[in-house]
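What follows is a set of notes on a single structure, which appears directly below.
Quick note: the coordinates plus some simple rules give every number you see, no bench work behind them. Because the structure is a prediction, the values reported are computed rather than measured. Backbone-built Cβ (ideal geometry, glycine too); neighbour counts: all protein chains shown.
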Amino acid sequence: MGNVDLKGKDFLTLKDFSKEEILYLINLAKDLKIKKKNGVMVDKYKGQNIALIFEKTSTRTRCSFEVAAHDLGIGTTYLAPSSSQIGKKESIADTARVLAGMFEGIEYRGFGQEIVEELAKYSKVPVWNGLTNEYHPTQMIADMLTIKEKFGKLEGLKLVYMGDARYNMGNSLMIACSKLGLDFVACTNKNYFPNEELVNECREYCKESNGSVLLTEDVAEATKDADIIYTDVWVSMGEPDEVWKERITYLKPYQVNEKCFENAHEDAIFMHCLPAYHDLKTEVGKDIYEKFGLTEMEVTDEVFESERSVVFEEAENRMHSIKAIIAATLTPSAE
Ligand code: CP
Ligand code: NVA
């Protein structure tokens, strides 16, 4: 771990990071979490500022960046969806060069991965991916930290992802598991398997890590001896409402319910990046109920509220891990 140096590096996808670097970030997040709980200040970045660009909405990621930055002594500027010139009146390349002149780091949440890659290409300061259609890498550090806290290890654990496995969460979990030596299973209808090129890339990572990647439509096979059962919304931000019907048809058999855990390890946990549709307390949840008669979607309320569910610890870990990512990639201010 001693040789890891991420100063000045972008954080765009875990594909760009070695196992050692990912473990370094997880351990740093744990260390910063302990410090925070003990009231130990880590504001070594005083006088620095970061820009937070959100072209999609957020609760956890935005709050994590703001709180983490504040704890590190860093100021933040939030650019809300549609409140800046980005993409409409000003190119990504120009935006990158303008912001890099004012800020020490830039967070970007938006649509295609190529946009955040372009931002990073033209920015002389680190760019952090706060979620794109393809990847959600900051979530991975929090998830792996949560798993490590629960099981005391990562290698050899079986993580089953159920639902839309061809989007940001499925892709990112497959990469994280393959790099870190977990057994990853995408359990879903074959239309929602991750793309073949990425699967092959991950299988290459597995050769080094001893992890594995399995794609299956069979719930009983997938959940057998699982340590972690993970899901995410069936329709992601930016997708049109019209896709709900098709998603419900194909993904309903892959809803995470108590039956999935009958086959799993006794101490198996439930994870979800959140937000989740597990009841009728949301506008979208109510709308789907009226249109399709479903009272819960990707996870039942029973599982979500059960002892197995670690979703709120996972959400808290977003802050500690984003703090680690900022701290690792920026240089502390001079004393
Ligand atoms: N998990 C996650 O990224 O949550 P937000 O969309 O609220 O940031
Ligand atoms: N797949 C979801 C993840 C939200 C954190 C989305 O992109 O909306």
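A compact table of results
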item	result
Sequence of 41, 169 once ranked by neighbouring C-beta atoms within 10 Å, starting from the fewest	41, 169
Under 23 Å from residue 190, Cα to Cα: lysines that are on another chain or at least 8 residues apart	158, 224, 245, 252, 259
Placed amide H near residue 269: partners under 5 Å, 5+ positions off or other chain	228, 229
Sequence of 244, 234 once ranked by neighbouring C-beta atoms within 10 Å, starting from the fewest	244, 234
Euclidean distance between Cα centres, segment 105-178 to segment 1-44, Å	15
CD proxy at 222 nm, helix term only [per DSSP H run n ≥ 4: -39500 (n - 2.57); per residue of the chain; nearest 500]	-13000 deg cm²/dmol
Phi to ³J(HN,Hα) by Karplus 6.51 cos²θ - 1.76 cosθ + 1.60 over segment 287-302, Hz, x for Gly, Pro	4, 5, 4, 5, 7, 10, x, 8, 8, 8, 10, 5, 9, 6, 4, 4
Point-to-point label distance, residue 196-residue 37, nm (Cα→Cβ direction, 7 Å offset)	4.7
DSSP bridge pairs, the chain: antiparallel proportion in percent, nearest 5	0
Given charges at Cβ of Lys, Arg, Asp, Glu: segment 185-288 dipole, positive-most of 253, 200, 210	253
Selection of trypsin sites (Lys or Arg not before Pro), segment 31-113, meeting DSSP coil and at most 11 other Cβ within 10 Å	88, 89
Pairwise Lys count, segment 21-90 - Cα closer than 28 Å, eight or more residues apart or different chains	12
